[in-house]
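Since the structure comes first, as structure tokens, the remarks are kept for the end.
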Amino acid sequence: MFYRPFIPLALFLFVLAAPELAASQAIGSNPSVATVAAVQDAKGLNEWLRRMHEASKNRAYIGTYVVSSGGQMQSAKIWHVCEAGQQTERIENLTGAPRSTFRHNEQVVTFLPDQKLVRHEKREALSSFPEIVQSSDHHISDFYKLKFEGVERVAGVDADIAVLVSKDAMRFGYRVWTEQKKGLVVKLQTLDVDGRVLEQAAFSELLMDAPVKMDKLLQMMGKVDGLRVEQPTLVKTTASAQGWYLPSSVAGFKPISCYKRPASAGAASLAEDSMHWVFSDGLASVSLFVESYDRQRHIKESGMSMGATHTLTRHIGGYWLTAMGEVPMATLKQFANGLERKK
Amino acid sequence: MITKDSSGHEMLSALFDGRQVSDGELANLPAAGSHGTHSDWNCYHVIGEVLRGSSSAEVVGADPVFLQRLSTRLNHEVVEPLATPVVMTGGPVAISAVRAANDQLFHWKLVAGFASLGAVAVLAWTLTGSSIGTSLPQMAQDTRAATQVTALPEGPMIRDARLEELLSAHKQMGASTLQVPSGFVRHAGFEAPLSSGR
């Protein structure tokens, strides 16, 4: 009776306050806070990855790089320079058969002096990473978390240690040492789901901002006199055009590219060209090679792990799948189980 | 009870039987390296194994002829029945600590002791082995665990020329900035020899 006149006023004030009330409840609720944190994590991770990628392109250096994988240790000397957005690199391997590899952006020239052979190739994957980071938004952060572990001196430079922890068991983690000034990767470990080191690559010697001349490297790259020239061509295609599809891919892995490969040298004369379908989650890649089944060569399904690289073969109808990637074997099995032939 | 003037061999036998002996009686034990002590120890060990039902073929270091004679003699032994068990009729019962059935047998204590010592030795070896490994190049040590070639139940994979070709193609096409420069270096120059992994 006393307060009845105030009811309409109270209702009016409630209508005015309702949006603010809803917003305050939303701020206090976990899903909203988690979303903000997730976006911030994604931005931080993507920014860190972009900085690292830029440093690998833009810093000039000369160094000796050592890779330990599958019980083997191999090394190479690297000269790298970037001028006006153009990247040029020379790699001389110090173990195994002599080999000199030159790269100018996506063009790769490999000299094999023992065979008096030079091979020209184009490798689009070398420039595809920025597009992966940009197009996938924060997808990489959906599957990896970035943590900083400290500082360590590697090959004479101070480096920040970061760990990319995988959020599920379908991919490996990474421990990355980046030199503090610009973010060049100076050491990299691939870690299994238990944190054990599967593979390691690092500079044992490094001279930053070295006086590497691009024109000199390009000159060396063009010296093919007296050598047999090979220029393998890979034909771009799509898995669908080749008659394959993967209805349910492994979480985080997107198809990156698909190529036709020539049939194996030992294959039957009527064998079709094989297909090379590449997937990536931004950090790890998986290749699915599919070729015609040949009972002479494809004896039994098997698997192998060499360092971080795992390989699996599977007989699918009239075809033979070889799946390989720097991922756990369970991930390759999931790919193999999901691959289907179009009817 | 073991008398003071018992021979050292009888003392050894008493120990195997798990009889309690005093410190003074222990002093009568023959020295570990004295003549015949080791062979006596071995004999009493074999006797114990036979009594526990091990076949003569399983007892290490035993003289098979001796085992056969022992087994034959044991078969002719008269086994006295155990005392009649007491039926509990009720009333409060003092509960004593549960003891293992073989608690009186000293050699079981020896076995347990050696097993514990062995476990400690293995742990110590593992720890000292890991510390010795720090003298190796860090990279090689870190990846020792990675040198496994795991095989599916169907069998191991053969690393032939075709597989090497596919590996090379995979390394070239993999898209990851993390692999720069190691990935590029790897597929530029590091192709494993065909003989490895077989």
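The requirement of being touching a residue at least 60 places away in the same chain (Cβ under 8 Å) and not assigned by TED's automatic domain parsing to the domain that holds A:L191 is not satisfied by A:S292. Of all residues in the stretch A:56-100, those that are crowded, with 20+ Cβ neighbours inside 10 Å, facing chain B (nearest Cβ under 10 Å) and hydrophobic (A, V, I, L, M, F, W, C) total 5. Pick out the one residue from A:Q219, A:Q242 that is surrounded by fewer than 21 Cβ atoms within 10 Å (Cβ to Cβ), among the polar types (S, T, N, Q), over 17 Å from the mean Cα position of the chain (by Cα) and under 25 Å from A:I78 (Cα atoms). Selected residue: A:Q219, the only one of A:Q219, A:Q242 that is surrounded by fewer than 21 Cβ atoms within 10 Å (Cβ to Cβ), among the polar types (S, T, N, Q), over 17 Å from the mean Cα position of the chain (by Cα) and under 25 Å from A:I78 (Cα atoms). A:A241 meets the conditions (1) out of contact with any strand residue (DSSP E or B) (no Cβ under 6 Å at 6 or more places or on another chain); (2) not in a loop (DSSP other than H, G, I, E, B) in every case but one. The failed one is (2).
Within the set A:G243, A:G183, the sole residue that is in contact (Cβ under 8 Å) with a residue 40 or more places away in the chain and more than 12 Å from chain B (Cβ to nearest Cβ) turns out to be A:G243.
Residue pairs whose Cβ atoms lie under 9 Å apart, separated by 6 or more positions or on different chains, with the first residue in the stretch A:318-343 and away from every other protein chain (no Cβ under 14 Å) and the second acidic (D, E), are A:Y319/A:E291.
For the stretch A:144-174, filtered to residues that are buried (at least 18 other Cβ atoms within 10 Å of the Cβ) and in a loop (DSSP other than H, G, I, E, B), the residue that is farthest from the other protein chains (Cβ to nearest Cβ) is A:M170. When the stretch A:186-203 is filtered for residues that are β-branched (V, I, T), more than 22 Å from A:R51 (Cα to Cα) and facing chain B (nearest Cβ under 10 Å), only A:V197 remains.
The values are calculated or read from the model by the stated rules, or taken from the named source; none is laboratory data. From a predicted model like this one, the values you see are computed outputs, not experimental measurements. FYI the Cβ positions are ideal-geometry reconstructions off the backbone, even for glycines, and counts take in every protein chain you see.
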